[in-house]
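Participant: Have a look at the structure that comes next, please.
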Amino acid sequence: MATARGPRYLLTSGRWCHGLQGVPQTRALAALVPGVTQVDNKSHFLEKRPHRQHPGILQLPHVRLPEALANAARLLLHGAAMPNVEKQVQALTNYLWSRHLPVEPEELQKRAMQLEKKFLEDPDTPQTEEKLHRAVLHALRKTTYHWQKLSYNEGLSLVYMAARLDGGFAAVSRAFHEIRARIPEFQPQTLMDFGSGTGSVTWAAHSTWGQSLHEYMCVDSSAAMLDLAEKLLKDGSDSGEPHIPGVFFRQFLPVSPKVQFDVIVSAFSLSELPSKADRTEVIQTLWRKTSHFLVLVENGTKAGHRLLMDARDLVLKTREKSPLDPRPGFVFAPCPHELPCPQLTASKPLACSLSQAYHPIPFSWNKKPREERFSMVILARGAPEEANRWPRITQPILKRPRHVHCHLCCPDGHMQHAVITARQHGRDLYRCARVSSWGDLLPVITASELSPSSAEDPPEN
């Protein structure tokens, strides 16, 4: 399990953002500056490509599972002859989506003390210590989320496969596409999937970098899940040759600090850990073992987004260096900055999420195209190229006659609602905005990034 010693793609500034490079800061693509109607659109950043293929487009078309994987999943589910499968799948899907993080012991103790104080101030509440204790416990049970660890046996693993295999594959495929589109020369050789479950990460990685990857390490605490993932690789049987060579399964993380992987993924797994301390330990371990990219994916909910931002901040603040790799970490996607997330610091916090369309496994109840809504953060080793950090589109584009509404997360760490018109911002930027989608990068230099030679100062009101 040696890490590939290939070129250090992320060390050299200007190379890590290969798909977005080639435009110096003094040659602005366009400028979102209030009051400025004349902008520089002479840099020819499209290079004769149509606007619908501008370099900030990262959205994938409808994702479809590999045929071998879909067939194996259908074979295994039909062979199990489980009763009321559709209801079980829907119940598990709803449960996983609405799940919250477990309450920390410190927070639970704080709530108990507040309730005790409230009851002591109420003259109608019984004041004996035993009755007070029972009243506090009763109130806690009614107001506290009861988190339980999911134990995946053979039956629940099959239900999870039917519920989440296709959506998980779509989300991870979108994350991998972000890396491949922006750094096409990056060719990883080793990958580790923490909380591998049904193995969708392995299939998505093989679809993206199958020509270079030769080792896939799948780590999951559930033996039933590992067994199911192995069967999916072998057309649903216990024997036969796997469709993807070089896949290894284990129930624990590699202990040796010398073991590193080019890409490490944790998809929908951090939320299954029982405490913040456990999550912190796992994130630090995964980052130490990361040679190039650490990809974290969770549900596109407030809880999932906040969990990922905690992980992001942990890596950035600790600046922990691997003994084998002295390079620091930075946010590769989706944030165009390392500043606090403006979605969380807003007066009404929102989940920063993406959406990926996909074709589900064609079960009898599951035939229409769907959308997977998820949150992700991709952390990389190296140093970002500040001049090429374009704003991220954080909501669906609103197209109106002769103008476009774009909600952007900008490199200065702020959200911006930009109304883009051809007259004010130029034909190229306007057309690029109209063909962009939620989650794409908008090829524009924002006001906070402009050098004095990039655009004239906005006139005073």
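Participant: Which one of these is in a helix (DSSP H, G or I), basic (Lys, Arg) and either touching an Asp or Glu at 6+ places or on another chain (Cβ under 6 Å) or buried (at least 16 other Cβ atoms within 10 Å of the Cβ) (or both): 141, 174?
Facilitator: Going through 141, 174 in turn, just one is in a helix (DSSP H, G or I), basic (Lys, Arg) and either touching an Asp or Glu at 6+ places or on another chain (Cβ under 6 Å) or buried (at least 16 other Cβ atoms within 10 Å of the Cβ) (or both): 174.
Participant: Of the conditions (1) surrounded by 13 or more Cβ atoms within 10 Å (Cβ to Cβ); (2) of a type in the set (A, V, I, L, M, F, W, C); (3) closer than 27 Å to residue 229 by Cβ, residue 81 clears all except one; give me its number.
Facilitator: (1)
Participant: If only one of 157, 151 is under 30 Å from residue 76 (Cβ atoms), in contact (Cβ under 8 Å) with a residue 40 or more places away in the chain and loosely packed, with under 12 Cβ neighbours inside 10 Å, which one is it?
Facilitator: 151
Participant: Continuing with this model, one more query. Please go through the range 207-226 and give me each residue that is in contact (Cβ under 8 Å) with a residue 60 or more places away in the chain and not aliphatic (A, V, I, L, M), ordered by number.
Facilitator: 207, 215, 222
Participant: Here are 371, 338: which of them is among the acidic types (Asp, Glu), surrounded by fewer than 22 Cβ atoms within 10 Å (Cβ to Cβ), farther than 30 Å from residue 232 by Cβ and within 21 Å of the chain's Cα centre (by Cα)?
Facilitator: 338
Participant: A follow-up question, please. For the range 272-294, does any single residue satisfy the condition of being open to solvent by 10 Å² or more (accessible area, probe 1.4 Å), part of a strand (DSSP E or B) and at pLDDT 95 or above?
Facilitator: Within the range 272-294, none of the residues are open to solvent by 10 Å² or more (accessible area, probe 1.4 Å), part of a strand (DSSP E or B) and at pLDDT 95 or above.
Participant: Which pairs have Cβ atoms under 8 Å, sit 6 or more apart or on different chains, and link a residue in the range 326-341 that is among the acidic types (Asp, Glu) to one that is assigned to a strand (DSSP E or B) and open to solvent by less than 10 Å² (accessible area, probe 1.4 Å)?
Facilitator: What qualifies is 338/330; 338/331.
Participant: Same structure, new question: Six or more apart or on different chains, Cβ under 6 Å: which pairs go from a residue in the range 310-323 that's part of a helix (DSSP H, G or I) to one that's modelled with pLDDT of 75 or more? Could you list them?
Facilitator: Close Cβ pairs (under 6 Å, with a partner that is modelled with pLDDT of 75 or more) amount to 311/283; 311/296; 312/377; 314/283; 315/287; 315/329; 315/379; 316/338.
The values are calculated or read from the model by the stated rules, or taken from the named source; none is laboratory data. Please read these numbers as outputs of a predicted model, since none were measured by experiment. Methodologically, a virtual Cβ is constructed for each residue, glycine included, from the backbone with ideal geometry; neighbour enumeration extends over all protein chains shown. Accessible surface areas use protein heavy atoms only, side chains included; no ligands, DNA or RNA. Shrake-Rupley method; radii C 1.70, N 1.55, O 1.52, S 1.80 Å.
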